[in-house]
1. For ASP132, only one of the following conditions fails: (1) open to solvent by 40 Å² or more (accessible area, probe 1.4 Å); (2) under 17 Å from PRO34 (Cα atoms). What is its number?
2. Name the single residue that is modelled with the highest pLDDT among those in the range 215-242 being open to solvent by 40 Å² or more (accessible area, probe 1.4 Å), assigned to a loop (DSSP other than H, G, I, E, B) and touching an Asp or Glu at 6+ places or on another chain (Cβ under 9 Å).
3. Is it true that some residue in the range 213-221 is within 13 Å of GLU296 (Cα to Cα) and of a type in the set (Phe, Trp, Tyr)?
4. Return yes or no: is ALA280 touching a residue at least 60 places away in the same chain (Cβ under 8 Å), surrounded by 20 or more Cβ atoms within 10 Å (Cβ to Cβ) and in contact with a helix residue (DSSP H, G or I) (Cβ under 9 Å, 6 or more places away or on another chain)?
5. For the range 184-210, how many residues are over 16 Å from GLU296 (Cβ atoms) and either touching a Phe, Trp or Tyr at 6+ places or on another chain (Cβ under 8 Å) or at pLDDT below 95 (or both)?
6. Give the residues of the range 191-205 that are under 25 Å from LYS276 (Cβ atoms), in contact with a helix residue (DSSP H, G or I) (Cβ under 6 Å, 6 or more places away or on another chain) and in a helix (DSSP H, G or I), sorted by residue number.
7. Could you please let me know if PHE251 is outside any loop (DSSP other than H, G, I, E, B), in contact (Cβ under 8 Å) with a residue 40 or more places away in the chain, aromatic (Phe, Trp, Tyr) and on the phi < 0 side of the Ramachandran plot?
Amino acid sequence: MLKRIVIGIGGASLLGLGLFSLYAWNSSIDPVTPPLTKDYSPEVIAQGKILASAGYCSTCHTPPGGEEYAGNYEMHTEFGTIYSSNITPDVKTGIGSWSEEAFMRAMRTGVSRDGHHLLPAFPYEHFNKMSDQDINAIYAYIMTSISAVEQEKKDNGIPFPLNIRALQAGWKLLFADTEPFVENTDKSEQWNRGAYLAEGVAHCGACHTPRNALGGEQYEKMYQGAAIDGWIAPSLTDTSTSPIPWRAQDFYEYLTTGNSPYHGSAAGPMAPVMHKGLSALPNSDIEAISVYFAAENGTDQSIDPSTSESLKSAIAAQHEQADLRIDQGARLYATTCQACHYSSETIVKGRPLITLGSSTHLDKPTNLVNIMLDGVRSDQGIHGVVMPGFRDALSDQDIASIAAYLRQAAGEESWPKLLEQVGEIRNQPRFEH
């Protein structure tokens, strides 16, 4: 009896392994000769350039100081280090021998031309929402307009057995959303355009949606915020902790200028999203994305932020000076920060009230501490407006004191183990595009 049970379990296991292997296997697609510019219309190539920018292709496939699109951008994940692929038209090390069919399969299902599964650091779940026409336009642009660079991809630092590519088939089966984009007939044409762009090529959810222990997006918490590249991508929904709700015009201003006076400036991984990515899109598309996220945020568009009690309190708090002899955080803020971060009776763009900003109201001090340590460069936030970093000027205790003072002034509960968190944030790997 026991022998039969063992044989049955073994047989079932072998059968299951065989079926999974069959499911995980993908055929190779024949190589082709790289297409020429004359094979595509100028309009298609131009559209591909816009979409490649909106999808941040160069951002993730170009390391600092490296050749554009040649790969080896370093990404740190909870599962190890991943290096992006060379997607230039180089036949030997890039995708020069890929056909439109092979490129389409990779974008929709995360499978390479040779049949191996791509790691989900490549957001094919989002690119799958794009139309065939848009995907082919990106292919046309890359193949005809990007210089071929011969550069081998570095080996990923993913440990065994997670580095077994066939297992990605199981991950896809469990977690990947491979459904195409479907318009919501109950919404406006503008909302649907924004949803198509945000869910597809711009893949906003890849950063702003929390993930489970195995790295799968938790779709039931879509856009509710997540940790990414040493920062916090805040919630874009009605779960946002921002004291002033995000209206469509706030999203639009933020995405076009890098700053919202009522919420703060773009820094860290978000800065290239608008300055090197979404900036290529026409204004109508940015407006559509803004309308989409304002709806996700559940904002009453008739609200006038200038009359907000939160704004009035933040402005009034500037005039309530703490005892600088006792409160170290207040003293450091007054001498280091307040000269720039001050508005009299109305808020001034480029001089955000930190007690009002989103970073001060998050559950973790990550973004606020990152900004204090490294500042805001001229290519982040508002073009040309800079904030100096205080990494070498202020100690962990100094940074923690200022953060604690701002958190208290913002009317929020203290961040736990703040000094310890400041040290961890200071010493984390720096992620630069």
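1. Of the numbered conditions (1) open to solvent by 40 Å² or more (accessible area, probe 1.4 Å); (2) under 17 Å from PRO34 (Cα atoms), the odd one out for ASP132 is (2).
2. Once the filter is applied, the top-ranked residue is MET222.
3. no
4. On the way: touching a residue at least 60 places away in the same chain (Cβ under 8 Å): yes; surrounded by 20 or more Cβ atoms within 10 Å (Cβ to Cβ): no; in contact with a helix residue (DSSP H, G or I) (Cβ under 9 Å, 6 or more places away or on another chain): yes.
Criteria not met by ALA280.
5. 1
6. Scanning the range 191-205 gives ARG193, GLY194, ALA195, LEU197, ALA198.
7. yes
Residue by residue, here is whether (1) over 29 Å from TYR56 (Cβ atoms); (2) open to solvent by less than 40 Å² (accessible area, probe 1.4 Å) holds:
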residue: TYR342; (1), (2): yes, no
residue: VAL348; (1), (2): yes, no
residue: ILE399; (1), (2): yes, yes
residue: ARG430; (1), (2): no, no
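The values are calculated or read from the model by the stated rules, or taken from the named source; none is laboratory data. Computed from a predicted structure; not experimentally measured. Glycine also receives a Cβ, built like all others from the backbone with ideal geometry; neighbour counts cover every protein chain displayed. What goes into the accessible areas is simple: the full protein's heavy atoms, side chains included, and nothing from ligands, DNA or RNA. Shrake-Rupley method; radii C 1.70, N 1.55, O 1.52, S 1.80 Å.
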